[in-house]
Amino acid sequence: MSEGEINYKALIDRSIKDFRPVTKLWPVSARLGFWIFLQFGLLALCATVEGSQGVDTFVHNPGALLTTVAFSLMGVAAALLALRSAIPGREPEQSEILILIAVFCAAFAVMGSRPVAAPSEILGANLHWALEVFGLSMLPWMALFLAVERGVPLQPFDAGGLIGAASLSFGIAAECIISQSNGFTVPFAWQLTTGILFVTASALGGGLCLDAIRRRKWREGLIETQTKARSSFVRQSLMPLAVSASLVGLFLVLSNVRNTAEPIPDFDLAIEQYEQAMTDFSPNVPSRDLATMLTAYVENGMPSYMWDFSQQGFKLVGGRFEHLPDGAAVTYTWFRGTSDGVMCMFRQTDGFKAPSAAHQERQHMLFYQYRRFSVCLINVGGYGSFLSVIVARMPMNRFMPLVLAATR
């Protein structure tokens, strides 16, 4: 044999002892499909949480639907690029990443178009939103990280950033569905900053982990050793971190549900009348017009104070004067729209005490999300001890301007 010749048979014989069976790596489409199935299962689960806005949010609020769809599609696109990055030679092009960044910012702009929280509560709302989104994003992050880690990402920091973008998108979509304060949101600058921080942390943390695993694979060479080292690394460092963050998000979500699930009798009474009025409402006071109805209310000892939603496209159906079981006087005024309505309840009270559930205050009016209804609570001063509860089954970003416009 000459010096330049290679004995391939001898090479194979010496190498065959190191051969080991490997676990088949699913195609990108199969892994992506499984991840999408998992994420949309989580979104469906979020929609069923007691007290969440669920699909009712989308009926009267196309903006919420658009936000959820935009971030869901964004998550799918980012996950596709992340899974492709795990295959040498199929890394995302720079143009694809730039397009993804542009879509990412556009999705935040869509969400940022909703009204923001009151200035007095803006810091708490921002922090709560960020922590909740982070927690909801961690399980999708862990699932996608494990799928990418099974390959060989040659650009681990790019892959880590794409994993972060994909999981964050589904976390925001889930928060939009499950949020108890739907219709309010944090400012666009805060949303974008939070998103950038999460994706940057994922690029750094995930990239370092992916790079360390890749180097270990090349260095140790044996599949059994690789699998063992990888499983040990994930179990000892990443898994506890992801589970802890997910528990934080779950705690925040459940605390929101618990706060709004506490019964508020005045709200329950107004909602009961709303639901009854949607099928049958029979006025028991003259209700030809608002002035006639108010005159009847005053004659029964009620204040001459009433909202008028006729300018916002709702028709006055009429009013009812009744007494509660404890003898307190109460009125119910019903305004009917094309597919929904607004119920205004006035009642006497011994003393006004606002419920402690999360709310927003605008012009001395308190706005709540309660049992998938938007509620406005007012302490009517100058007329004795009365309170007013206005309820409608519509998203808050429609309800609040409606009530504020009726006060002008």
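Write out, first by first residue and then by second, each pair whose Cβ atoms fall under 6 Å of each other, whose residues are 6+ apart or on separate chains, and whose first residue, in region 344-373, is in contact (Cβ under 8 Å) with a residue 12 or more places away in the chain while the second is outside any loop (DSSP other than H, G, I, E, B) and among the small types (Gly, Ala, Ser).
What qualifies is 345/270; 346/388; 348/329.
What number of residues within region 324-351 are in contact with a strand residue (DSSP E or B) (Cβ under 6 Å, 6 or more places away or on another chain) and over 13 Å from residue 390 (Cβ atoms)?
Summing the residues that are in contact with a strand residue (DSSP E or B) (Cβ under 6 Å, 6 or more places away or on another chain) and over 13 Å from residue 390 (Cβ atoms) in region 324-351 gives 7.
Looking at region 324-340 only, could you name the residues that are surrounded by 12 or more Cβ atoms within 10 Å (Cβ to Cβ) and not hydrophobic (A, V, I, L, M, F, W, C)?
331, 332, 333, 336, 337, 340
Take residue 320 and tell me if it is surrounded by 15 or more Cβ atoms within 10 Å (Cβ to Cβ) and in contact (Cβ under 8 Å) with a residue 40 or more places away in the chain.
Against the criterion (surrounded by 15 or more Cβ atoms within 10 Å (Cβ to Cβ) and in contact (Cβ under 8 Å) with a residue 40 or more places away in the chain), residue 320 does not qualify.
In region 383-401, what residues are surrounded by fewer than 21 Cβ atoms within 10 Å (Cβ to Cβ) and either touching a residue at least 40 places away in the same chain (Cβ under 8 Å) or under 23 Å from the mean Cα position of the chain (by Cα) (or both)?
Start the filter on region 383-401 by keeping residues that are surrounded by fewer than 21 Cβ atoms within 10 Å (Cβ to Cβ), which leaves 383-385, 387, 397-398, 400-401.
The answer is 383, 384, 387, 397, 398, 400, 401.
Hey, among 71, 58, 145, which residue is in a helix (DSSP H, G or I), modelled with pLDDT under 75 and surrounded by 15 or more Cβ atoms within 10 Å (Cβ to Cβ)?
58
The values are calculated or read from the model by the stated rules, or taken from the named source; none is laboratory data. Computed from a prediction, not measured in an experiment: that's the story for all the values here. Neighbour counts are summed over all protein chains in view; Cβ atoms, including those assigned to glycine, are modelled from backbone coordinates with ideal geometry.
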